Each structure stands twice: as C-alpha cells, then as structure tokens.
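For reference, the structure is listed below as structure tokens.
Read the figures in this text as sums done on the coordinates, not as results from a lab. Fair warning: this is a prediction, and the values are worked out from it, not measured in the lab. Backbone-built Cβ (ideal geometry, glycine too); neighbour counts: all protein chains shown.
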Amino acid sequence: MSRLAALGAFVWEFVVGDDWRVAAGVVLAIALTAAVATTTVAAWWILPLAVAGLLALTLHRAGRPG
Amino acid sequence: MSATDVGLVLAVGLACAVEAVEALTIVLAVGLTRSWRSTLTGAAVALVVLAAVTAALGTAVTTLPLNALRVGVGGLLLVFGLQWLRKAILRASHIKALHDESEIYARERAAAAAAGRPAGARDAYSFTIAFKGVFLEGLEVVFIVLTFGANQHRIGLAAAAAGVAVLLVVVAGVAIRGPLARVPENAMKFGVGVMLTSFGTFWSAEGAGAHWPGSDAALLVLIPAVLVFALACVAALSRRAPAAVEPLETALTT
C-alpha cells in the first residue's frame, strides 16, 4: 500500500471509524439543521433526534447476530 | 468558571486520562521488557512531533470564523463522540470485549520479548512501538484539546486539563510500574463518549444557525439526556444477550 493510501486509511479510521453511516448521518443532519435554521421554524431539535436515531441504528446493526 | 468550562475540563481531562493509560501501557510493556533508553526516546520524539502538530493546527484552527469552526469541528467531535459511545455501549452490554489493560500489557510484553534482543545500545523495536503508541494516542488528545479549546476560546484551559490528566496517569504508572488495570477505563470511555456527543451536538447545531432554548444552559439538559439514552441502549442490548449479562454497574466499572 502506498504511503498516501495508508494515510487515507488512517484518517478514515480515525475520523469515521467502524460505521460510515454514522458520519454520513451526522453530515446530513447538520445540513438539514442549517436549512431549517434559515426559516422561522426552530432547528435545535434536529441534531439531538438524529443522534438518538443514528446511535440506535448503529447499535442495532452491531448487535445483530452474525 | 462557567458550566461550559467545567464541562470542558471534565471532558478533556477524562478523555486525555483514557488515552494516557493506553499509551503508558505500551511504553511500560516495551520499556520493562527491552530497552528503557530507546523506549523513552521514542516516546519523547512522539511528544515533540505532537507539540509541532498542535502548534501548527492550533494556530490555523483559531483563525477560522466561529460559526464555521463550530459546525466543522462540532461535526467532527460528534462523529468522534458517537464512535466512542458506540464502542462503550457495546462493551458495557458485552457484545464487544471489555478493554483490558492487563491483557494488552501482557500481549505487548510477549511481542516485545519475541522480537529478539536489541543488537546495540539503540533498539529500533522499542523506539518504534513507543513512538507509535504515544503518537497515535496523543493525536486523539490533541484533537480533543483543539476542538474543545477552540470552540470555547479556551485552548489554554483545555491544554491545562489535558496536561494535568496525563501527568496524573504517568505518575501513577511510574509508581506502580505496571499496567493501570484498576483504572475504570471502560466507565471513563462511556463518560467521554457522552461528553463528546453532547458538546458535538450542541456546537454543530449552533454553528449551523440553530438557537438552543436557554443558550449554554441547554448543555445541562443535553448531557444527562445523552447519558440516560446511552444507559437505556446498554439495558436494551444486554437483554438481547442474556448469557453474557452482568449487572449494569459491574459492566461499567470493570
């Protein structure tokens, strides 16, 4: 493996970790918060809800047999 | 000291103590088995490289606009925090093996002994293992110090909390001259996961333009809410694996 690929793998493992869906979900939730924050609707509740959903989802996947 | 400062000191101190326990386990195992001189040199070089990285990144991070910093760094912190919390919950519910410093220490000592004796005064194996251990664990410390410190404009306070935590762990490790197996590392990781997730949620939402009810006081609700949810996840997952279940308190403190 080239050094660049090794560095990329290290950064991926360091930041994203075992489940990429969590990182992708966080990015989507932040984007949604930013979009809703430009309207008159309160946007603070989106991220806590997303965190609960993402954590439940990733734990459910990890806890599945096999 | 405000509530967010206390949260910052607790989160950074706990996270850095956990990382320091892991790095110290590796350094002690290699140092006691092979060459103290090369091991300590490797650890010292790693600390110098980390200091350089911190100085370079710290300057860059503090020049960013606050909202961009909060959304970017808060998001990273949230992803990082969810990783910690996921592992801690899986360990507490026995789906993943508990982090055992005694076992890691024994494994590192066996690997160091099997790698052959150093040929001269310098031992490349000891140097490399100590460097990697201290650098990789230290990188997490740097990341946490910079993210918490920059967001609160309290890099000095975050660095001081990290320094005290690392110093306490090193003093304890040197006094014991063995793995810090009695440190409730899994419970500490659980606590760090809760703090990183809570602060990451708070800052990234603020950076994205959301306004929290009660402003900074929202953290006083957010942190216990994340903790309760995480404990509920442990309870739910533990019910799925009845053969391996221990009482929740035992699982978190072993």
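Computed values, structure above
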item: Meets criteria (within 14 Å of chain A (Cβ to nearest Cβ), of a type in the set (A, V, I, L, M, F, W, C) and over 29 Å from B:Tyr105 (Cβ atoms)) for B:Ala218; result: yes
item: In the stretch A:22-43, the residues that are crowded, with 22+ Cβ neighbours inside 10 Å and either farther than 13 Å from B:Thr197 by Cβ or more than 7 Å from chain B (Cβ to nearest Cβ) (or both); result: A:Ala29, A:Ile30, A:Thr33
item: Filter result for A:Thr58 (facing chain B (nearest Cβ under 7 Å), farther than 20 Å from B:Val71 by Cβ and in contact (Cβ under 8 Å) with a residue 12 or more places away in the chain); result: yes
item: Residue identified as surrounded by fewer than 23 Cβ atoms within 10 Å (Cβ to Cβ) and of a type in the set (Gly, Ala, Ser) among B:Ser102, B:Ser35; result: B:Ser102
item: Filter result for B:Arg91 (in contact (Cβ under 8 Å) with a residue 40 or more places away in the chain, surrounded by fewer than 21 Cβ atoms within 10 Å (Cβ to Cβ) and not hydroxyl-bearing (Ser, Thr, Tyr)); result: no
item: One residue from B:Leu69, B:Leu77 being surrounded by fewer than 24 Cβ atoms within 10 Å (Cβ to Cβ), touching a residue at least 40 places away in the same chain (Cβ under 8 Å) and touching a helix residue (DSSP H, G or I) at 6+ places or on another chain (Cβ under 9 Å); result: B:Leu69
item: Flag for B:Ala46 being under 24 Å from B:Ile155 (Cβ atoms) and in contact with a helix residue (DSSP H, G or I) (Cβ under 6 Å, 6 or more places away or on another chain); result: yes
